[in-house]
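Asker: Structure in structure tokens, see below.
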Amino acid sequence: MNTMDYAPYVTGLKQADCVMFWFVTIHAVQFINQYSQIGFKMPLVQGGCTTLGVQNLAELGDKALNLISGSSYDAYIKGADVKNWVDRWLKLHGNKADKDGRYPYYTEGSSMYAGTSILLQAIELAKGDTTPAVLREALKKGKFKTPWGPVSFSAGRVGTGNAYVMKVVKEGNTYTRTDVYKYENVVRDEPANVKDAAQKM
């Protein structure tokens, strides 16, 4: 987390189909800048989720073009659920500065809202009964509305919902993201047959 010079790592890269990285925002910006300066052309894939807002993309410019990331939520996903969430957010917060949350770029705010909303919908499904056993049953049976589409849970409490592959594009003079692929009803956990299949380090 306290590494800011990625040059020794980048120069040691071997040719591959892509380069995957997983950093918080400031490190992602630094890594992409150094990767570009060294001159590599392998496609970049951001693991985990998108942490770069449009300000970061504007700062990176063409260096960020075609960057691939994946997320359950991104403000630029095409579709009614996300559009309604973004429009509602802007109605409430559109007069604020970017630093104060004018635009819902990141998944954290949406995830907190979705988690609370799922709980409220489950309570409604349970007709107000918050007894743990009854509420658990409601969570298992429900199909819940979220800003990124429907979410449900298996008997083993594993969430299922949509996930998106995002790509950085340039629209006019603006660098932004767009969804290029949608995985529907993705299980949010490893299936039992592959759990712990990786070699122990």
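Readers should treat all values here as calculations from the given coordinates under stated rules, not as data from a laboratory. Bear in mind the structure is a predicted one, so any value in this text is a computation, not a measurement. We place every Cβ from the backbone using ideal geometry, glycine too, and count neighbours over all the protein chains shown.
Asker: So, by mean Cβ neighbours within 10 angstrom, what's the order for 137-145, 159-167 with the highest one leading?
Answerer: Numbers: 137-145: 16.4, 159-167: 19.0.
Result, highest mean first: 159-167, 137-145.
Asker: I would also like to ask the following. Shape call for the stretch 24-140 from the C-alpha gyration tensor, a ≥ b ≥ c root eigenvalues: rounded (a/c under 1.5), prolate (a/b greater than b/c) or oblate?
Answerer: It is prolate, given that a/c is not under 1.5 and a/b is the larger ratio.
Asker: May I ask which of LYS14/LYS78; LYS63/LYS99; LYS143/LYS182; LYS41/LYS182; LYS143/LYS170; LYS91/LYS127 have a Cα-Cα span longer than 28 Å here?
Answerer: Too far apart for the 28 Å limit: LYS14/LYS78; LYS143/LYS170; LYS91/LYS127.
Asker: Take each uninterrupted DSSP H stretch in the chain, measure its Cα extent along the helix axis, and return the ones at 15 Å or beyond whose mean Kyte-Doolittle hydropathy is at least 0.0. Display every interim value, and only then the final one.
Answerer: Values: long enough: 25-38 (20 Å, 0.16); 80-93 (19 Å, -0.71); 107-125 (26 Å, 0.50).
Answer set is 25-38, 107-125.
Asker: Under 8 Å for C-alpha pairs, at least 6 residues apart: give me the relative contact order for the stretch 34-118, rounded to a whole percent.
Answerer: Value for the stretch 34-118: 27 percent.
Asker: Hey, got the dipole for the chain? About the Cα centre, +1 on K and R Cβ, -1 on D and E Cβ, debye to the nearest 20?
Answerer: 340
Asker: Follow-up question, since we're still on this one. Can you tell me, using C-alpha contacts under 8 Å and at least 6 residues apart, the relative contact order of the chain as a whole percent?
Answerer: Relative contact order comes out at 18 percent.
Asker: May I ask for the equivalent-ellipsoid semi-axes of the chain, computed as the square root of five times each C-alpha gyration tensor eigenvalue and listed largest first in whole Å? Mind dumping the intermediate values first?
Answerer: Working: eigenvalues 236, 107, 40 Å².
After scaling each eigenvalue by five and taking roots: 34, 23, 14 Å.
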